[in-house]
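To start, the structure under review is shown below, and the notes come after it.
The values are calculated or read from the model by the stated rules, or taken from the named source; none is laboratory data. This one's a predicted model, so the numbers in the text were calculated from it and none came from an experiment. Using ideal geometry, Cβ is built from the backbone for each residue, glycine included, and neighbour counts are taken over all protein chains shown. Side chains are part of the model used for accessible areas, which takes the heavy atoms of the whole protein and leaves out ligands, DNA and RNA. Shrake-Rupley method; radii C 1.70, N 1.55, O 1.52, S 1.80 Å.
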Amino acid sequence: MAIYERFQDKTRKKLAVLIDPDKPTDAQVLSIVAKANAADVDFFFVGGSLLTTDSLEHCIRLIKANSDIPVLIFPGNSLQISKYCDGFLLLSLISGRNAEMLIGRHVVAAPYLKLFGNEIIPTGYMLIDSGRMTSVSYMSDTTPIPHDKDDIAMCTAMAGEMLGLKLIYLEGGSGATNPVSNSMISKVKQMINVPLIVGGGISTPEMAAEKAKAGADIICIGTKFEQDPEMLQRFADMIHSVKQ
């Protein structure tokens, strides 16, 4: 099954585990992978706002050597590409007005992605204000959509889908103080037909289930599992139990 078909599959809500290659040791990655295998996690996302070590490919290969769960690059910039992943979320930062993040860096990466032959999934990436400056907003030099402006988020997501983007990703940012609100998730989901990913600041399994019930098709969790891999099973159980 193609990766995008897995995103479209409506048999259950899904959990994506985000791994920043810079942060965990190999032993920590292997621990997360083992827990993810046991919990029947749906996707691994690999990437970060800023990589300070040459660890991306090593991390991807380590995951793939120990798991059959699809591994997708969740890139922070055009340098975060690899032929070893299963797919690539080609992020266009549609919430901002920085042309480099809308199309500029994609032009640089496109020849390599074509050469590598990764499955490409065009993704409308939307930063939502989380109550604090995040690495993503700083590095992208963009202003997030205000936390309480559901209509702006809804119209932005609609425009992204009309432009042909195949996923919409609402992101509070790594370690966000406030996650994306349930009302915003619901309003966006009502107006789009493509799968909806929600991430950032989701700190409990109960909160993850709320986001899934509000309309998120895929919940992305990263920081929480770096801190406590044992929580992964509880998150997966809660998310997978929510009816589509």
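Just how large is the dipole of the chain about the Cα centre, in debye to the nearest 20, putting +1 at every Lys and Arg Cβ and -1 at every Asp and Glu Cβ? List each step's numbers first, then the result.
Details: 23 positive and 27 negative charges, 86 e Å.
Once rounded to the nearest 20, the dipole reads 420 debye.
Could you tally the net charge around residue 192, taking each other residue with its Cβ under 12 Å from the Cβ of residue 192, Lys/Arg +1 and Asp/Glu -1? Let's see the in-between values first.
Values: positive: 166, 187, 189; negative: 161, 217.
Here the charged neighbours net out to +1.
Please state the charge dipole magnitude for the stretch 1-48, taken about the Cα centre, from unit charges on C-beta atoms (+1 on K and R, -1 on D and E), reported in debye and rounded to the nearest 20. Please list the in-between numbers first.
Values: 7 positive and 7 negative charges, 54 e Å.
That gives the stretch 1-48 a dipole magnitude of about 260 debye.
Could you tell me which of the pairs 83/114; 149/224; 23/243 are separated by over 22 angstrom between their Cα atoms in the structure shown?
Numbers: 83/114 10 Å; 149/224 27 Å; 23/243 34 Å.
Checking Cα-Cα distances, 149/224; 23/243 exceed 22 Å.
What aspartates and glutamates sit close enough to residue 189 to cross-link, taking a C-alpha to C-alpha distance under 13 Å and skipping anything fewer than 8 places away on the same chain?
Candidates past the 8-residue exclusion: 150, 151, 161, 217.
If Lys and Arg each add +1 and Asp and Glu each add -1, what is the summed charge of the other residues whose beta carbon sits under 14 Å from the beta carbon of residue 118?
On the way: positive: 64, 83, 114; negative: 57, 86, 119.
Neighbour charge sum, excluding residue 118 itself: 0.
Solvent-accessible area per residue for the chain at a 1.4 Å probe radius, Å²? Intermediate results must be reported in sequence, preceding the final value.
Working: 10940 Å² over 244 residues.
Value for the chain: 45 Å² per residue.
Let me have the 222 nm mean residue ellipticity of the chain computed from DSSP H runs of 4+ only, each contributing -39500 (n - 2.57), with the sum over all residues rounded to the nearest 500.
Working: 10 runs with 94 residues, N = 244.
Rounded to the nearest 500, it is -11000 deg cm²/dmol.
Arrange the residues 238, 1 by how much accessible surface each exposes, largest first, with a 1.4 angstrom probe. Each step should come with its number before you reach the end.
Working: 238 65, 1 145 Å².
Ranked list, largest accessible area first: 1, 238.
Share of the chain's accessible area from carbon and sulfur, percent, 1.4 Å? Write out the running numbers ahead of the final one.
Numbers: 5860 of 10940 Å².
Carbon and sulfur together cover 54 percent of it.
Below 8 Å, C-alpha to C-alpha, sequence gap of six or more: please give me the relative contact order for the stretch 151-244 in percent. Don't jump to the answer; show the numbers that get you there.
Numbers: 142 pairs, mean separation 24.6, N = 94.
Relative contact order comes out at 26 percent.
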